[in-house]
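The values are calculated or read from the model by the stated rules, or taken from the named source; none is laboratory data. Keep in mind that this is a model prediction, so the values were computed, not measured. Here the Cβ positions follow ideal geometry from the backbone for every residue, glycine too, while neighbour counts run over all protein chains shown. All accessible areas refer to the heavy atoms of the entire protein, side chains included, with ligands and DNA or RNA removed. Shrake-Rupley method; radii C 1.70, N 1.55, O 1.52, S 1.80 Å.
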Amino acid sequence: MVKIFHLSWKGSLLKEKGMKTLFFLSAISAIIVIFSIIFFLFRDAYPIFQKEGVVDFLIGMRWYPTGQPPLYGAFPLIVDTLLVTLGAMLIAIPLSIGSAIFIAELATPRMKAIIKPAIELLAGIPSVVFGFFGLIVLVTWLQITFDVPTGESWLAGSILLGIMAIPTITSVAEDAISSVPREYKEGSLAVGATRWQTISKIVVPSAISGITAAIILGIGRAIGETMAVMMVCGNPTYGLIPNPITNVFAPIKTLTATLGIEMGEVATGSDHYSALFGLALILLIITLIVNILATLILGRLKEKQRSGSKRLPIISFELAKKIKQSLYLFIGIVIIIILLMAVGIIPVICILIIIALMYYSLKKISIKIKQKIAFSIISLSIIIVIIFLGIILAYIVTNGVGALSWEFLTTGPSNLGRSGGIFPSIIGTLYLVAGAIAISLPLGVGAAIFLHEYTKEGIVTKIIRAGADLLNGTPSIVFGLFGFAFFVLYLKFGFSLLAGQITLAFMILPTIIRTTEEALKSVPQSLREGSYALGATKWQTIRKVVLPPAAPGILTGAILGIGRAAGETAPILFTAVVFSNFIPSSLLQPVNALPYHLFTLATSIPGSKENQAGTALVLLLLVIGIYLIAILLRNRFRKNMKW
Amino acid sequence: MTSKDKLIRTETLNLWYGEKQALYDITLGILPNKITALIGPSGCGKSTLIRCFNRMNDVIDKCKITGKIFFHETDIYRPDADAVEVRKKIGMVFQKPNPFPKTIYENVAYGSKVQGITNKNQLDEIVEKSLKNAALWDEVKDRLHESAMGLSGGQQQRLCIARSLSIEPEVILMDEPCSALDPIATAKIEDLMTGLKKKYTVIIVTHNMQQAARVSDYTAYMYLGKLIEFGETKQIFENPKEELTENYITGRFG
Amino acid sequence: MITIYQQKEKQKAGMMIISIIVILALSTIWFSGCVQQQGQSGEAIVLIGRDSTSGTREFFWTYVMGKANFSASLLEKNSNGAVQQTVAQTPGAIGYVGLGYVDSTVKALKINNISANVQNVLAGTYPISRDLYMFTKGNATGPAKEFILYLQSTEGQAIVTQEGFVPLQNTAHYNTSGKTLSGTLTISGSTTVLPIADKAATSFKILYPGLTITVTGGGSGAGISAVSQGTADIGMSSRDLQTSEQGKGLVKYIIGKDGIAIIVNPQNTYAEGLTLAQLKSIYLGDITNWKDLSK
Ligand SMILES: Nc1ncnc2c1ncn2[C@@H]1O[C@H](COP(=O)(O)OP(=O)(O)OP(=O)(O)O)[C@@H](O)[C@H]1O
Ligand SMILES: [Mg+2]
């Protein structure tokens, strides 16, 4: 009796240790992945840095890798990347924040119940679908409307990226605004503030850290976006900084687009190949900087709001205010000087007069009229957003529905995709996604369990979280390059299903870690304590008590990951996909996938309009369907969450 | 007591949260420069009623109201009445101290600022006066530009009182203002209320029977959304007419 | 008496609305002013070309440009189809694509007064054409050898012609007698050559049912690196080997020719033909407006 007891006790101890090690290993996988990405990018970029010098590579004004002599100057590409992001944010930030305020504060409950999930759904539209719309409709529209030589331009890229970023920024900002405590609002209303005053002076400032996080998320996405910018920005050959810098109709070439265009045909191991990895490294570093800045800003904002800042201020309040004022004055003057140089003196004077007029009339105007104006602008912003997204969806649905048929879904393409169906791409996408989720789900769930159940917050969890955050901010094309260098070349997988699956798995790993952690957090501590009190071990508690109620949350994360993996093009572009009528029978064979099929049809196969729209529609329905399941599941899960 | 004497008067007030009725035919009058206490068991509708007086229920989407509430013989629920103007005259202090995540100064100056006062000296004056009236000035005068979140709970609640005084309302509504505070802080606030009576009309919701007896001039007892009994505090506590009231006051339930 | 009832403030609202309209109007004027500087669309030349790793571009650059740098305003597309599509969409555009990509949506220009078509390439009069290649690691053997033989035969060259490329001269019929092939054959590389290989693979499979053939795109560079690493049996390419790709034991086979057509938008009324020198000036950026062409 005693012996048996002893034995089983030993066995379970071993099991406990084994499980812990296993979870620890999955937790550090995020770090291993991010380090191998950096390592491989650096390894392959090193030759060009050595040859050209890092500084020359960064500030060189021309990108012409196949010229004689070849020129490797990344500067215009960097500037263009920043410009297109800036433009996108100028469009997306006001519209998204307006929409977020509308949904959180102005919409009736019924409106909110429709608009909110709809916006969340739209966040799932694959970027290649946006690119397809941009290439066919937006570019032509710009060209005709503004009577410019070509619509492929900075403006086209910014508009498209802006629209793409809106759903993401809106839903994150809306969450932040909605979670401002009702007490703040009531406190403000109770002293006779209007709704608009309450929103603008209390609610939005209180949500500012969440809103900032939303914006930074949007910036990160915009910088790393490949397919859409590649399809609509024109890509001038050497990389071109618009001249003058405000010329929004100038074609531009971003870092991501350069990678997307040139990576496919470059001779492996050449200087050019190495230079492309250099670009990817720059891209990664830019997103890294954005992430670090974000963490710093958010940290400061939160500190400012929460604590009573017991520290003695270094400078007095009055002085700080004066410094702030002169800083604003300085920034204002700088902006005016820049404008003067860019557009000339007359428009600047006009602008100044307008601003003065607005300032004056706004001061004069009564509080109630201000509220009306503000509410109209806010309602206008959500209307614009709905119109934008509505046009895109309507275009794809009306054009694509004609191509849709049973045959289209079940036969292979013929005549290079101009006729026939998309069966191999559907199957390919399913294979890719299934593999990606099979790899990332255990890893991600394991990592989250380790982070949440096995360790206290400390240096280890901090490092692991930082790794996951970094991975989350890594542009998808960088995953693609890494996959190419590591799986395709180094491990000799070749262009293969397997390489694509693992690359996608790495990309969705952070999503799964995060959602799983959230699900685990929502399981009350008392349940665990109850289980321990009955003598259950840690692993028993996790398996029997913690995981079952967390399962729907984990599932939601998995589905979100599936949706993202199904719509992404850039990570599989150089690792797995080929444009062919081919269904792989082994993991080492290449595949076709829906987003890639659409990309190729839209950019390379003239006369395939009908099948392009059909493919876009199928992809859209697939991804949106997946997201819909995730959202429904999450909403149900939230309701059942009350214990 | 004629209806002319009443500062606030409700007439057959009924209120629904969606399908659920929370107030039934409430008719009562509040006298100026007095403290009126609302008491009753949890969930009987005290907060709901007090929030009707400054139209704070407007914030709740599914809330529907019938009946009338007169303030100075003006119906504040008339379609063209402006809730913002009502709230300027009828201030409110909440159960949980709810200072804004701003500095102490900004918290108190907020109400005046939103009404368009920008002159710094004027604002300084208002802040000082309001904080003095709320008996908080001495404690915070050296840290006006620090975050209000750093204050203790009792200080925060007095700050909220200062905030509502800053716009010089006629009425101050207090929904369980002391329930989150310790006895010393409670005593301070009670003293404060008695002082406020000179200038303001105070309506207070409380669960604390002694508090109601100590500070209030009039008491209303509510039960299940109905107004059971309303009268002078002394009469309600010493000689209640209704059995329900008596049961509650003597602690037989609630 | 207190005033809690709302007062109408229509006047002020009106003022605000007017100033908003004024602002909108002014900014529109300013914006369209900016746009005007862009000049008339359709007259300004929009240069379209292939990406820097494309075989077509390398050929164009060497042959037409004499290795002089392109104008900085050249827009890059990463496939022939993309060039054709952009030219079809953009009134002022000019681009270069394989002959097979010329259709009714674009207009092919005469070069040195010679029309761009297969006959003229065959006759050697059309000036811009290049070879198409298949690469194998070491001399081709087994299925790869047979497939290349098939492509170079009369049957294979018929496909080359069908796809709009220029066939080889003096070919013989392909002879299957007595051969059986099995196993797999992987072909990958140039998107230009892809349509030929795709079709050829289909008919080749009819001759050898036991054989599994995979044809994939990816670009010349990808094809060459695939074959030198052994992940593909045949690499398709629309360009010859670059220095970094030499010395890996790759053997090249020419399977046809490709004429490069210079295409413009059908609405373009300024040009029907160009000289090679004019073409070069356009791509150098010396001529930037279609109107300047006649000068
Ligand atoms: N926003 C709301 N939506 C729906 N029902 C509500 C809402 N607020 C209050 N109620 C309901 O109305 C009734 C009265 O609530 P109220 O908050 O007025 O009670 P109370 O007397 O203030 O209670 P307590 O002493 O606990 O504060 C309760 O049954 C409550 O559940
Ligand atoms: Mg209450």
Checklist entry - So C:LEU99 clears everything in (1) over 22 Å from A:GLY151 (Cβ atoms); (2) at the interface with another protein chain (Cβ under 7 Å from one of its Cβ atoms); (3) touching a residue at least 24 places away in the same chain (Cβ under 8 Å) except one condition, right? Which one? => result (2)
Checklist outcome for this item: Wholly inside segment A:539-643, helices (runs of 4 or more DSSP H) that include 2 or more residues that are open to solvent by 10 Å² or more (accessible area, probe 1.4 Å), at pLDDT 90 or above and farther than 30 Å from C:GLY235 by Cα are A:609-639
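Considering only segment B:34-88, how many residues are basic (Lys, Arg), more than 16 Å from ligand 1 (Cβ to nearest atom) and touching a residue at least 24 places away in the same chain (Cβ under 8 Å)? Even if it seems obvious, please write down each step before you answer.
First pass over segment B:34-88, keeping only residues basic (Lys, Arg): B:34, B:46, B:51, B:55, B:62, B:64, B:68, B:78, B:87-88.
Imposing the further condition that a residue be more than 16 Å from ligand 1 (Cβ to nearest atom) reduces the set to B:34, B:68, B:78, B:87-88.
Then keep just the ones that are touching a residue at least 24 places away in the same chain (Cβ under 8 Å); that gives B:34, B:68, B:87-88.
The number of residues fulfilling the criteria is 4.
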Item to check | Subset of segment B:66-91 (residues that are within 13 Å of chain A (Cβ to nearest Cβ) and either of a type in the set (D, E, K, R) or in a strand (DSSP E or B) (or both)) | outcome: B:ASP80, B:ASP82, B:GLU85, B:ARG87, B:LYS88, B:LYS89, B:ILE90, B:GLY91
Checklist entry - Being open to solvent by less than 10 Å² (accessible area, probe 1.4 Å), part of a loop (DSSP other than H, G, I, E, B) and touching a residue at least 12 places away in the same chain (Cβ under 8 Å), is that true of even one residue in segment B:102-114? => result no
Next on the checklist: I need a count of the residues in segment C:274-295 that are closer than 19 Å to C:MET65 by Cβ, touching a residue at least 24 places away in the same chain (Cβ under 8 Å) and open to solvent by less than 50 Å² (accessible area, probe 1.4 Å).
Outcome noted: 7
Checklist outcome for this item: From the option list A:GLY124, A:GLY157, single residue qualifying as closer than 27 Å to A:LEU259 by Cα, modelled with pLDDT of 90 or more and open to solvent by less than 20 Å² (accessible area, probe 1.4 Å) is A:GLY157
Next on the checklist: Just the residues that are over 18 Å from the mean Cα position of the chain (by Cα) and either within 14 Å of another protein chain (Cβ to nearest Cβ) or within 13 Å of ligand 1 (Cβ to nearest atom) (or both), please, taken from segment B:24-33.
Outcome noted: B:TYR24
Next on the checklist: If I ask for residues that are within 12 Å of chain A (Cβ to nearest Cβ), free of Cβ contacts under 8 Å to residues at least 24 places away in the same chain and over 18 Å from the mean Cα position of the chain (by Cα), which ones from segment B:123-174 would you list?
Outcome noted: B:ASP142, B:GLY150
Next on the checklist: On the basis of being within 18 Å of the chain's Cα centre (by Cα), open to solvent by less than 50 Å² (accessible area, probe 1.4 Å) and within 11 Å of ligand 2 (Cβ to nearest atom), does B:ILE50 make the cut?
Outcome noted: yes
Checklist entry - Identify, please: which residue in segment C:199-241 is without any contact (Cβ under 8 Å) to a residue 60 or more places away in the chain and under 18 Å from C:GLY81 (Cβ atoms) and is, among those, surrounded by the most Cβ atoms within 10 Å (Cβ to Cβ)? => result C:ALA222
Item to check | Every residue from segment C:64-89 that is outside any loop (DSSP other than H, G, I, E, B) and of a type outside the set (Gly, Ala, Ser) | outcome: C:LEU75, C:GLU76, C:LYS77, C:ASN80, C:VAL83, C:GLN84, C:GLN85, C:THR86, C:VAL87, C:GLN89
Checklist outcome for this item: Just one listed residue, out of A:VAL445, A:VAL488, A:VAL478, is within 14 Å of chain C (Cβ to nearest Cβ) and buried (at least 24 other Cβ atoms within 10 Å of the Cβ), and it is A:VAL488
Checklist outcome for this item: Of (1) more than 11 Å from every other protein chain (Cβ to nearest Cβ); (2) of a type in the set (S, T, N, Q); (3) within 24 Å of A:THR569 (Cβ to Cβ), A:ASN415 satisfies every one except (1)
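Anything in segment B:24-35 that is in a strand (DSSP E or B) and away from ligand 2 (no atom under 16 Å from the Cβ)? List them, or say none. Outline the logic, then answer.
Our first condition is that a residue be in a strand (DSSP E or B); within segment B:24-35, this holds for B:24-30, B:35.
Once the filter is applied, which keeps residues that are in a strand (DSSP E or B) and away from ligand 2 (no atom under 16 Å from the Cβ), segment B:24-35 yields B:TYR24, B:ASP25, B:THR27, B:LEU28, B:GLY29, B:ILE30, B:ILE35.
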Checklist outcome for this item: The helices (runs of 4 or more DSSP H) lying entirely within segment A:409-523 that contain at least 2 residues which are touching a Pro at 6+ places or on another chain (Cβ under 6 Å) are A:459-473, A:476-483, A:497-521
Next on the checklist: Name the residue that is farthest from the chain's Cα centre (by Cα), counting only residues in segment C:55-76 that are facing chain A (nearest Cβ under 7 Å) and of a type in the set (D, E, K, R).
Outcome noted: C:LYS67
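Conditions tested, residue by residue: (1) touching a His at 6+ places or on another chain (Cβ under 6 Å); (2) farther than 16 Å from A:ILE384 by Cα; (3) aliphatic (A, V, I, L, M); (4) surrounded by fewer than 24 Cβ atoms within 10 Å (Cβ to Cβ).
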{"position": "A:LEU82", "(1), (2), (3), (4)": "no, yes, yes, yes"}
{"position": "A:THR85", "(1), (2), (3), (4)": "no, yes, no, no"}
{"position": "A:LEU142", "(1), (2), (3), (4)": "no, yes, yes, yes"}
{"position": "A:VAL172", "(1), (2), (3), (4)": "no, yes, yes, yes"}
{"position": "A:ARG182", "(1), (2), (3), (4)": "no, yes, no, yes"}
Checklist entry - Of the numbered conditions (1) buried (at least 20 other Cβ atoms within 10 Å of the Cβ); (2) of a type outside the set (A, V, I, L, M); (3) within 16 Å of ligand 2 (Cβ to nearest atom); (4) within 14 Å of another protein chain (Cβ to nearest Cβ), B:CYS63 satisfies every one except a single condition; which is it? => result (1)
Item to check | Checking B:TYR223 against (1) within 16 Å of ligand 2 (Cβ to nearest atom); (2) under 17 Å from the mean Cα position of the chain (by Cα), the condition it does not meet | outcome: (2)
Checklist entry - Hey, B:GLU246 hits all of (1) within 16 Å of ligand 1 (Cβ to nearest atom); (2) without any contact (Cβ under 8 Å) to a residue 40 or more places away in the chain but one; which does it fall short on? => result (1)
Next on the checklist: I need a count of the residues in segment A:358-377 that are open to solvent by less than 50 Å² (accessible area, probe 1.4 Å), more than 8 Å from every other protein chain (Cβ to nearest Cβ) and of a type in the set (Gly, Ala, Ser).
Outcome noted: 1
Item to check | So B:ILE203, is it within 14 Å of chain A (Cβ to nearest Cβ), within 16 Å of ligand 1 (Cβ to nearest atom), crowded, with 18+ Cβ neighbours inside 10 Å and within 13 Å of the chain's Cα centre (by Cα) | outcome: yes
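Any chance you could count how many residues in segment B:206-229 are open to solvent by 70 Å² or more (accessible area, probe 1.4 Å) and more than 12 Å from ligand 1 (Cβ to nearest atom)?
2
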